[in-house]
Amino acid sequence: MASNGNGNVTNGNRLTKIQTNKKHNGICHDDSVPTVKAQTIDELHSLQRKKSAPTTPVTGTQAPFATFSEEERQKQQLQSISASLASLTRETGPKVVKGDPARRSDTPKVAHVPHYHVTPTIAVSDSSLKFTHVLYNLSPAELYEQAIKYEKGSFITATGALATLSGAKTGRSPRDKRVVKDDVTENELWWGRGSPNIEMDEHSFMVNRERAVDYLNSLDKVFVNDQFLNWDTENRIKVRIVSARAYHSLFMHNMCIRPTPEELENYGTPDFTIYNAGQFPCNRYTHYMTSSTSIDLNLARREMVILGTQYAGEMKKGLFSLMHYLMPKRQILSLHSGCNMGKDGDVALFFGLSGTGKTTLSTDHNRYLIGDDEHCWSENGVSNIEGGCYAKCVDLSREKEPDIWNAIKFGTVLENVVFDEHTREVDYSDKSVTENTRAAYPIEYIPNAKLPCVGPHPKNVILLACDAFGVLPPVSKLTLAQTMYHFISGYTALVAGTEDGIKEPQATFSACFGAAFIMLHPTKYAAMLAEKMEKHGATGWLVNTGWSAGSYGYGSRIKLQYTRKIIDAIHSGSLLNAEYKKTKIFGLEIPAEVEGVPSEILDPVNTWSNKKAYEETLLKLAGLFKKNFETFTNHKIGKGNNLTEEILAAGPIF
Ligand SMILES: Nc1ncnc2c1ncn2[C@@H]1O[C@H](COP(=O)(O)OP(=O)(O)OP(=O)(O)O)[C@@H](O)[C@H]1O
Ligand SMILES: O=C([O-])CC(=O)C(=O)O
Ligand SMILES: [Ca+2]
Ligand SMILES: [Mn+2]
């Protein structure tokens, strides 16, 4: 007899019967662990998932609003969602039911949800016979499963993030962003040259709305997020996002403020609703449509419709546009800026166009992060609009940006990155899908996030420009008028293509460092900023995070390490008392020394070997500034005329 290695004893080819303990009904068992309490596989599976508290839990009877039963509350919530998804031509909301259609056990027995409006007597169509399953405020884990099961291009990366593809669009489509012009908005909003608000009429909006709603209702399931905007609770906005993809739902879960179970319980009806039909296009037979993409904002209806783009940033920035309308009405300034706070409570704002460093520089290991992109400045101080950050990932490195690197973990949405098919290690240098690779993570993924994301009045206002011409100084101290001049100008210079050799830098001017998102005339925001900076004694700074020692192709981008030192000196207050000299043409005050930064780079003229080329480039840029500002010369800024005059005089002189 010999052992076969499995513990069974063989005798030639014949297996000998092993004696077992007959105590338990003759079944052989290993009594080191108890058996599961299930008779069938299905039963076993049902044990795995513990019933969680309802998404809208009922608090104790002492709560003033807890007058409904849980069943009643669920019914009201479904009715509210059904109303959101109602077709306006058929005057009925769809039959909605909660839960994943793939999991029958989730489907409640009473699946019929009464129609919101009066049931029409004419023309019952197939759409009124079907159910739309609602996946309401799912958790990141549930959204991962949905994405991986049903959405092509969804993968878990080596660090646990959800890699997704945003489809054909990997950036926003500003030429397809429309706003309904009605009697009110016609007078209130900024229209015409330079304005981001491309007009559309109410009827065309309704056509697109119906298109999006019909598309969403035709699906087996839709995702619904009920969340908040603005950490200033007095000025909080309730937003509902209806979307077709788990990617979109997780993105907004991360980017908006996540309600607590108690807040959700008393959520009621949203203040604003987004219908994101994603890949479903708009129709060129619809008036005003110029492509298959349209992002439509209707302020009167408090709705936004997205057709023909799956780029998630449209939702984030669409809501930002909304805030740029709603907040100034309440004397609150909305800002395209990052914001952080030192240990002593000193707050800094970081303005700048895309890619200039708002996220990178506001994420600072030595300071509390209030937010990376969108803020409000009210009488009470600053507040973040969002609940998450949206960082650029191109060439991301652990060494240079450790906090962002570490935030890319379970729960984070990673858009359009390339990874090893086996290890799922992300290669951040790979731009095969797009250069605009992004990570969206909840703000608490940054270890020193300031929660709640609010702070006192800013002490420093830092304007970031990535000057690919290489003529703006790495740092200059601004007067209030200069701050306004540069705020209204909103300059940065990007380099078009990087593949086929050296290209000329392209100057971009975007008023208020975010013309794509403002709704009112830029001077309205500028006047508010001037008033607040003056009142609270904030100092303005211009920081060039772009080129040094020559334009793009000759010089190189200023080391992040140096920019961080400059920012440190601003925060600490040491730069305020430095020795300054004034530059030619732009009239910028530049310091002679900044700790940790080579002094010779502080005046760009020193770094250019070809002085003539420097002078020419400087003049060229000054000319571009002047030309850009022409449209603002006949606008009054603020109440008196003095500020306007001062601002006009604060630009380049040559
Ligand atoms: N000296 C520098 N200062 C700041 N950023 C730098 C510098 N050098 C290189 N970078 C890189 O520039 C990019 C800045 O992007 P960042 O995400 O901070 O932009 P952003 O202003 O937040 O834009 P958006 O509004 O589009 O989110 C990062 O990839 C960063 O690593
Ligand atoms: O909205 C986006 O796609 C990215 C962003 O933050 C910006 O452009 O300012
Ligand atoms: Ca950013
Ligand atoms: Mn931004």
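Beyond 24 Å in Cα-Cα separation lie the following of the pairs K409/K431; K98/K149; K317/K392; K477/K584; K75/K329: K75/K329. A probe of 1.4 angstrom, applied to the heavy atoms of all protein chains, finds E145 with accessible area near 100 square angstrom.
For the residue pairs K581/K620; K535/K559; K181/K450; K169/K626; K181/K639, the alpha carbons lie more than 31 Å apart in K535/K559; K181/K450; K169/K626. Rounded to the nearest 10 degrees, the angle from helix 611-629 to the longest Cα principal axis of the chain is 70 degrees. Let me know the shape class of the range 408-545, please: from the alpha-carbon gyration tensor, a ≥ b ≥ c as square roots of the eigenvalues, rounded when a/c is under 1.5, otherwise prolate if a/b is greater than b/c, or oblate. Oblate, since a/c reaches 1.5 and b/c is not below a/b.
For the chain, the longest principal axis of the Cα atoms and the long axis of helix 313-329 meet at an angle of about 60 degrees.
Only helical DSSP H runs with n ≥ 4 go in: add -39500 (n - 2.57) per run for the chain, normalise by residue count and round the 222 nm mean residue ellipticity to 500 deg cm²/dmol. Taking each H run of at least 4 residues, the total per residue is -7500 deg cm²/dmol. When the accessible area of the range 123-190 is split by element with a 1.4 Å probe, what percent falls to carbon and sulfur? About 56 percent, which is the carbon plus sulfur part of the accessible surface.
Its Cα centre serving as origin, the chain has a Cβ charge dipole (Lys and Arg +1, Asp and Glu -1) of approximately 900 debye. FRET efficiency for the E202 to L560 pair, using the beta carbon distance and R₀ = 35 Å, is estimated at 0.15. Each residue was assigned an accessible area with a 1.4 Å probe, and for Y368 the value is about 80 Å².
Ligands, DNA and RNA aside, T631 has an accessible area near 60 Å² when probed at 1.4 Å. Just so you know, the Rg over Rh for the chain is 1.06, from Cα atoms, with Rh as the Kirkwood radius. Across the alpha-carbon atoms of the range 213-290, the computed radius of gyration and Dmax are 14.7, 46 angstrom. Rounded to whole numbers, the Karplus 3J(HN,Hα) couplings from phi for the range 459-465 are 9, 10, 10, 9, 9, 9, 9 Hz, using 6.51 cos²θ - 1.76 cosθ + 1.60 with θ = phi - 60°, and x at Gly and Pro.
Per residue, the solvent-accessible area of the range 445-548 (1.4 Å probe, heavy atoms of protein chains only, all protein chains present) comes to 29 Å².
Accessible area ranking (1.4 Å probe, heavy atoms, ligands and nucleic acids excluded), largest first, for W377, W191: W191, W377. Note on the range 569-608: the C-alpha convex hull projects to 3.0 nm² when averaged across all orientations.
When all alpha carbon pairs of the range 471-588 are counted in 10 Å bins from zero, the resulting P(r) reads 12, 36, 37, 14, 2 %. Applying 1/(1 + (r/R0)^6) with R0 = 30 Å to the Cβ-Cβ distance of Y580 and H365 gives a FRET efficiency near 0.55.
Computed from the C-beta positions of E615 and S429, the FRET efficiency with R₀ = 45 Å rounds to 0.80. Taking a Cβ cut-off of under 15 Å around L643, the surrounding Lys, Arg, Asp and Glu residues balance to a net charge of +1, with basic ones at +1 and acidic ones at -1.
The values are calculated or read from the model by the stated rules, or taken from the named source; none is laboratory data. Remember, predicted model here, so these are calculated numbers, not experimental data. Every residue, glycine among them, receives a Cβ derived from its backbone with ideal geometry; neighbour counts consider all protein chains shown. In case anyone asks, the SASA skips ligands and DNA or RNA and just uses the protein heavy atoms, side chains included. Shrake-Rupley method; radii C 1.70, N 1.55, O 1.52, S 1.80 Å.
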